[in-house]
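Working notes for the structure below.
Derivation of every value follows stated rules applied to the coordinates shown; laboratory data play no part. In this text, all values refer to a predicted model and were calculated from it rather than measured experimentally. Here the Cβ is made from the backbone with ideal geometry for all residues, glycine too, and neighbour counts use every protein chain on show.
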Amino acid sequence: MIEENLRAAFARHEALTPAAGPVRAAIDRVAAVRRRRRQRFRAAGVALALVGGLGVGIPQLTPAPAVTDGTLAERSASPAPAGALNVLLVGLDLRSGEAPPLADSVLIVHIPADRSRPYLISLPRDLEVDIPGLHRDKLNAAFAYGAGTDRRDLSRGYDLTRQAVADVTGVPVDAGVVLTYPVLRKVTDTLGGVEVCLPQQVRSVHTDRVFRAGCQRLGGAASVDLLRQRQGLPDGGLDRDRNAQRFAAGLVHQAAARDVLTNPVQLSRLVAEVGPELTVAGGSLPDLLRVVPELASTEPVGLSLPVGPPESPAWRLRADPKAAPAFLAALREDRLAEWAAANPDRVTRLR
């Protein structure tokens, strides 16, 4: 009797039961959105590291958490940072037995408030600046003064460089990375090489290797060799900074071509290879990672602080009194897109 009553009740309400197809489709859509979100966060972790590989590799101040499960960005309960962001990258060529450590390259990754695309801003290593608490010297010397000759405290070297950069540019530094060549070699080789497009031939003074004009694929060792070259280039260290920007663009393109930014398996392999050596100074890595997926384009724009001709003694550079103020004002006011459009001859051709 009970069984018959239950069957009758089910029969009466069966017509009211919604079709399973639409419900299943809705569930699948929610699952797909969550899956894409996890993949974007995974991609953000590597994208930040790749942008960090603009001229060099990465060990540094505070070990970065491993990004292996796609949850790093989700661990931060705070919303993604708003407004323009500036990440400072300091490149070191730490060779055994050499002291003090001078910064080979100093670069700001500027992410505008509208999240349109990243800007790679090179600050010449030979730029004459005020070293906080000391005296005027080249920008690359700030790291040496801070790190010291014996202990080589990278955190102090970075901090003094950060202060000098903030004073010169007038913009806050939200986070930073100290970069060295070994990780760059590792990342490049793991990705199967990087295509770099050069406007002119470059001959290595270290290995006699010739990098022809045009686009070519470079392995890790060759990439490091190229990024160390400034002698023999028409603009010396300024041309080396531009080549670093070109390498960065190629690195991002190769990561996309290898599906590293969206394939969890490929991403996990890269993170396992270099993750333990990734470190970040200042700022919140999870919060910064939340910004990367917001970018409308990952195609960077290469820019450099306008400077005048070298001055003796010591071959120092000074900011161009006419062009630099307008450039720095555009950086501070988050108007780099407008400035680049008005000054196309000062934009580095990356591809």
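Cut-off 16 Å, label point 7 angstrom out along Cα-to-Cβ of HIS253: give me the residues of the range 313-351 whose amide nitrogen falls inside. Only 348-351 fall inside the zone, counting backbone N under 16 Å. Projecting label points 7 angstrom from Cα along Cα→Cβ for GLU338 and CYS197 puts them 2.9 nm apart. Each of SER105, SER223, SER204 has some number of other Cβ atoms within 10 Å of its Cβ, and from fewest to most they run SER204, SER105, SER223. Taking the Cβ-Cβ separation of GLU299 and HIS206 as r and a Förster radius of 35 Å, what is the calculated FRET efficiency to the nearest 0.05? Computed FRET efficiency for GLU299 and HIS206 comes out at 0.65. The amide H of VAL177, built 1.01 Å from its N in the peptide plane, has LEU88, LEU89, VAL90, ALA281 as neighbours under 5 Å, considering only residues 5 or more places off or on other chains. When HIS206, HIS110 are sorted by how many other C-beta atoms sit within 10 angstrom of their C-beta, beginning with the fewest, the order is HIS206, HIS110.
By the count of other C-beta atoms within 10 Å, a proxy for reagent exposure, TRP315, TRP339 are ordered fewest to most as TRP315, TRP339.
Between ALA326 and HIS135, the distance separating the two model label sites (each 7 Å from Cα on the Cα→Cβ line) works out to 3.6 nm. With the charge dipole of the range 112-209 set up from +1 on Lys and Arg Cβ and -1 on Asp and Glu Cβ about the Cα centre, the Cα lying farthest toward the positive end among the listed residues GLY193, GLY133, LEU179 is that of GLY193.
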